[in-house]
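Comments concern the structure below.
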Amino acid sequence: MIVAAALGLAACGFGEEGISVSKDDPNHEGAVLFASHCAGCHTLSAAGTQGSGNRGERTQGPNLNQRTETYDDALFAIENGGISGAIMPQNIVVGKEAEAIAKFVAEYAGGETGEPPRPGQNP
């Protein structure tokens, strides 16, 4: 019932204003789902999410602008409540919704990561 209500709101455009993923992009649905289910803890610019203002709390999820994720790792985290014992709700979304979010995260996470400086180079 709650999932149906959340999907209904997402379909009405709720939370889509900050999403930079084109509606023609196959990852758009994942971006909308991410914005409606993951925004409270995770920052990811492509979904227009900022997590919470207090990045120091243990309950805060990783900033996905600064970290890349594979599809398999993202899906594992969604299904199992994180990767390394973090406090994340297990199965916050399931099935095709979980797969859509994992595909979106794998495609768009890490946008602020760059090549790390090599020895002898200025950072």
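Every number here is computed from the coordinates shown, using simple stated rules; none is lab data. Fair warning: this is a prediction, and the values are worked out from it, not measured in the lab. No Cβ is skipped: glycine too gets one built from the backbone with ideal geometry, and neighbour counts run over all protein chains shown.
Which order do ILE92, ILE78, ILE83, ILE101 fall in if you start with the one that has the fewest other Cβ atoms within 10 Å?
Working: ILE92 18, ILE78 24, ILE83 13, ILE101 28.
Going from sparsest to densest Cβ surroundings: ILE83, ILE92, ILE78, ILE101.
Return, ordered by residue number, the residues of region 28-42 whose backbone nitrogen is under 18 Å from a label point located 7 Å along Cα→Cβ of GLU99.
28-34
Please give the contour-minus-distance gain from ASN80 to SER22: 0.36 nm per residue of separation, less the Cα-Cα distance, rounded to one decimal in nm. Don't jump to the answer; show the numbers that get you there.
Numbers: separation 58, 0.36 × 58 = 20.88 nm, distance 2.94 nm.
Length difference between fully extended and current span is 17.9 nm.
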